[in-house]
Amino acid sequence: MYNGEKRRSSYLMLFIKNRIGTVLIFSVMPLILVSGIILYQFKASHYEKIHAHLGTLVKKHKQNIDSFLNEKLGDIHFIAEIYSFHELGNETFLKEKLETLQQAYGPVFVDLGVVNSHGVQVAYAGPFKLGKAVYSDADWFKEAMKREYVISDVFLGLRGLPHFIVAVRKSVNGDQWVLRATIDFAAFNDLVENIRIGETGFAFILNKEGDFQTKPLMDVIPEKGPYMDLLESDTKEEVQIVEKEDELSGNNIYVSAFLKNGDWLLVYQQKASDAFSAFTKALRVSVIIIILGSIGTIALAFVRFKNMAHHMEKAEHERRLMNEQIIETGKLAVVGELAAGVAHEINNPVAIMVEEAGWIEDLLEEEEFKESENIAEFRRALKQINTQGKRCKEITQKLLSFARKTDSKIQEVQINELIEEIITLSAQRAKFSNVTIGCQLQDGLPVIQGAHTELQQVLLNLINNALDAMEKGGGTIDIKTRLNKDHIVVEIADNGPGIASANLKRIFEPFFTTKPVGKGTGLGLSICYGIMKRLGGDIEVQSVIDKGTIFRINIPLKKYIGEKQDLIM
Amino acid sequence: MDKPFVMLVDDETPFVETLLKRLEKRELNVLPTFSGQEAIEKLGKNRNIDVVVLDVKMPGLDGIETLKEMKKVNPLTEVIMLTGHATVETAIEGMKLGAFDYLMKPCDIEKLMQKVEEATGEKRAHEEKIREARVKEAMSKHGVA
């Protein structure tokens, strides 16, 4: 039994697994596919959009910075153009000009200086005491000697603070002089630092050597990352966009543009995850939806299939039960046929044996045997043969009545009347066994079609069995009738010792008896069974040890019409 | 009353033989036969048979068919059906066809004797009535009455 359960449950699990696999393939896979395709498309267009956006941003800032620098250069150029070396060599005049510039542009211009061709500052206006400083070795000065305009890289210089120089060279009568201005680093730095997008987007400027020209917001090591590649690339594009894996911060997106005629590189960098956070969000939401959807689908499928499997199992169980019943009925039919054959064949030899015994008895009456000393014993033996012969006859008769066709006339029977009649018949026996018979009969039951004698036989048999069971201890028998849809139910309940469950299964089998040898033939209930089946009805039994037994017979109101009617013989 | 003249019909030879001995011991005239066909022939030859003890279940002509034929040959002869069959229906059918009574096999010899005597009485009473009727007829014909 346990093995069977186990096998069934594993079969159930297999069933569920198979079906859930199918459900997954046909419901979740399309979901994943569609979401995947949509997400892929979305990602592509989103990346494009983000790239374009960042590109535009960097381009705009590049223009901003370029124009800032050009403007400053323009201002210095303007001053150098309209004032002479002598005018500007006057420190008071120079100071005036610085103030004018600072009034116009704020503290962007830190100081102004005029340097002669030998690199010696001849005039200075500004907060530092840099008069007569020598710039002959400074890069920007060397540069200024070669070119007319110079915007230097950011450097610490003599004053020890980051700054850069905007210088313009003029020549007066073959003599060279340079007007230089220091641009406030902070003001310039702000220009770049203000480029902030998302949480990780920031910008900075590198010079050709990869030195910082502005202070990057986050740690950046110019030797690492794609900066050098970007610096060295000679693309025609105004803006370059690359994405690169970085061991520290994961995937980064880099947008770069050259400034100051290719001297400087504006680099904007942002973590890809941050830049594409909208996509990441969409991805996360859709993954969650897919997961929840899948879980929901699976859970629902699991529940549905479990129910289905349960139903199937139930149906299977019912089918098996029905099969068992059919087999049982068939078995009884075969046994019945066999019994009928045996009964016929046995009856004749038994009749002959009894006749022969009778003949011996007749002969014993003659004079010569009368004196025999064993005459009494002979008589007893012959009587026994006769008795046993009669017992055989009884058995064969019962067998035949179990197996025979409906020979009794079908007539209308009022079951309640029949029961009352039978109770009267059994009353005497019940009194001796100290059993009381009670009945609760439903009034107005319809008449049923059946053989009076057969129904009588069934009821009498059941009552007699109950009486037999309670012969020793006494008890009660309750007979109930009621109408249940299209059949009448008759219940015969006793409170006797009950029937062991092992016996309960075999109770309707012919020759199965628990009574002592010679007391019962084991045919009573199988006859009842045969009769009820022929009627198209049913007989069932429930029993609890020490509590009692209930026999329930169902008699259909309409006479059963079917092939089974003549099942036996 | 003369001893009843009984014919036994059964395909079971040992049964017939033993019953023959027992009935003869009870001072009956007994004629054993072993099939329906034989019984009908013998009944034709022995018009004075009073009672036939007839087994219902026999190969060839069965009890009911034999009974019908016998009633044609000699309607006055009484027939006691002997049945091993638990079905009372056959016996009842037999009685409708004119059988005197039926007995279940194996039967009590005393019961059989009783039935045979009753049947013989019946038959002879019947014969008596017929004889009387004939006498009356003869007398009226000859103008005695």
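Name the residue that is nearest to the other protein chains (Cβ to nearest Cβ), counting only residues in segment A:375-401 that are touching a residue at least 12 places away in the same chain (Cβ under 8 Å) and hydrophobic (A, V, I, L, M, F, W, C).
So the residue we want is A:LEU400.
Just need a number here: residues in segment B:1-36 that are more than 14 Å from chain A (Cβ to nearest Cβ), aliphatic (A, V, I, L, M) and not in a strand (DSSP E or B).
Adding up the residues that qualify gives 1.
Please work out if B:ALA39 is within 14 Å of another protein chain (Cβ to nearest Cβ), among the small types (Gly, Ala, Ser) and open to solvent by less than 10 Å² (accessible area, probe 1.4 Å).
In short, no.
Check A:LYS43, A:LYS59, A:LYS49 and return the single one that is assigned to a helix (DSSP H, G or I), over 30 Å from A:SER171 (Cα atoms) and open to solvent by 90 Å² or more (accessible area, probe 1.4 Å).
Sole residue among the options that is assigned to a helix (DSSP H, G or I), over 30 Å from A:SER171 (Cα atoms) and open to solvent by 90 Å² or more (accessible area, probe 1.4 Å): A:LYS49.
A:GLU491 is checked against (1) open to solvent by less than 20 Å² (accessible area, probe 1.4 Å); (2) assigned to a strand (DSSP E or B) and fails just one. What number does that condition carry?
That leaves (1) as the condition not met.
Taking segment B:37-73, which residues are touching a strand residue (DSSP E or B) at 6+ places or on another chain (Cβ under 6 Å) and either among the basic types (Lys, Arg) or in a strand (DSSP E or B) (or both)?
Once the filter is applied, which keeps residues that are touching a strand residue (DSSP E or B) at 6+ places or on another chain (Cβ under 6 Å) and either among the basic types (Lys, Arg) or in a strand (DSSP E or B) (or both), segment B:37-73 yields B:LYS42, B:VAL51, B:VAL52, B:VAL53, B:LEU54, B:ASP55.
Could you say which residue among A:ARG391, A:ARG320 is of a type in the set (Lys, Arg) and either under 25 Å from B:MET113 (Cβ atoms) or in contact with a Cys (Cβ under 6 Å, 6 or more places away or on another chain) (or both)?
Being of a type in the set (Lys, Arg) and either under 25 Å from B:MET113 (Cβ atoms) or in contact with a Cys (Cβ under 6 Å, 6 or more places away or on another chain) (or both) holds for just one of A:ARG391, A:ARG320, which is A:ARG391.
In the list B:LEU112, B:LEU97, which residue meets the criterion of being open to solvent by less than 70 Å² (accessible area, probe 1.4 Å), within 11 Å of another protein chain (Cβ to nearest Cβ) and closer than 21 Å to B:ILE49 by Cβ?
Only one candidate passes the filter, namely B:LEU112.
Kindly indicate whether A:PHE369 is within 14 Å of another protein chain (Cβ to nearest Cβ), farther than 19 Å from B:LYS21 by Cα, assigned to a helix (DSSP H, G or I) and modelled with pLDDT under 80.
No.
Applying the selection to segment A:153-169, what residues are at pLDDT 85 or above and open to solvent by 10 Å² or more (accessible area, probe 1.4 Å)?
Listed by number, the list holds a single entry, A:ARG169.
On the basis of being over 21 Å from the mean Cα position of the chain (by Cα) and assigned to a helix (DSSP H, G or I), does A:PHE68 make the cut?
Spelling it out, A:PHE68 is indeed over 21 Å from the mean Cα position of the chain (by Cα) and assigned to a helix (DSSP H, G or I).
Which of the numbered conditions does A:LEU460 fail, given that it passes all the others? Conditions: (1) of a type outside the set (Val, Ile, Thr); (2) in contact with a helix residue (DSSP H, G or I) (Cβ under 6 Å, 6 or more places away or on another chain); (3) at positive phi.
(3)
Could you grab me the full set of residues in segment A:333-366 that are more than 12 Å from every other protein chain (Cβ to nearest Cβ) and touching a residue at least 24 places away in the same chain (Cβ under 8 Å)?
A:ALA333, A:VAL335, A:GLY336, A:GLU337, A:VAL342 - these are the residues of segment A:333-366 that are more than 12 Å from every other protein chain (Cβ to nearest Cβ) and touching a residue at least 24 places away in the same chain (Cβ under 8 Å).
Right, A:GLY530: open to solvent by less than 30 Å² (accessible area, probe 1.4 Å) and in a loop (DSSP other than H, G, I, E, B) or not?
no
Could you check, for segment B:43-53, whether at least one of its residues is closer than 25 Å to A:ILE360 by Cα, touching a residue at least 12 places away in the same chain (Cβ under 8 Å) and either open to solvent by 60 Å² or more (accessible area, probe 1.4 Å) or within 11 Å of chain A (Cβ to nearest Cβ) (or both)?
No, the conditions are met nowhere in segment B:43-53.
In the set A:ILE205, A:ILE183, A:ILE195, A:ILE165, which member is outside any loop (DSSP other than H, G, I, E, B) and under 18 Å from A:HIS61 (Cα atoms)?
After ruling out the rest, the residue left standing is A:ILE205.
The values are calculated or read from the model by the stated rules, or taken from the named source; none is laboratory data. Being a predicted model, the structure only gives us computed values, none of them experimental. Please note: Cβ atoms are built from the backbone with ideal geometry, for glycine as well, and neighbour counts cover all protein chains shown. To get the accessible areas, we keep the full protein, side chains included, count just its heavy atoms, and leave off ligands, DNA and RNA. Shrake-Rupley method; radii C 1.70, N 1.55, O 1.52, S 1.80 Å.
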